[in-house]
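For reference, the structure discussed in these notes is given below.
Read the figures in this text as sums done on the coordinates, not as results from a lab. The structure presented is a predicted model; accordingly, all values stated were derived computationally and were not measured. Positions of Cβ are generated from backbone atoms using ideal geometry, with glycine treated the same way; all protein chains shown enter the neighbour counts.
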Amino acid sequence: MISNIHELQAFEAARTRTEKVDIKQNLRILDALYEEALMLGAFPPKNPLEGIEVKIRIAKAVNNVQRSD
């Protein structure tokens, strides 16, 4: 459990500022994940709209949550 959220947020902000983005590595990872999904038969879905009702309900719930900043 996180005991000090402000300390965690400061750590994440500092890391984001100092860490460089490696676009080529990120694209290699994306390609590898895509290939793995193809091999596992998880992509492309047989029916792209399967489960869309659940996703819509979740999106509505998430978008209606009030922030506690």
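The residues of region 52-69 that are in a loop (DSSP other than H, G, I, E, B) and either at positive phi or of a type in the set (S, T, N, Q) (or both), listed by number, are N64, Q66, S68. Taken as a whole, region 38-55 holds at least one residue that is within 30 Å of I5 (Cα to Cα), surrounded by 10 or more Cβ atoms within 10 Å (Cβ to Cβ) and free of Cβ contacts under 8 Å to residues at least 40 places away in the same chain. With respect to the conditions (1) assigned to a helix (DSSP H, G or I); (2) loosely packed, with under 10 Cβ neighbours inside 10 Å, V21 lacks only one, and its number is (1). Within region 24-51, the set of residues being assigned to a helix (DSSP H, G or I) and more than 18 Å from the chain's Cα centre (by Cα) comprises K24, E35, L38, M39, L40.
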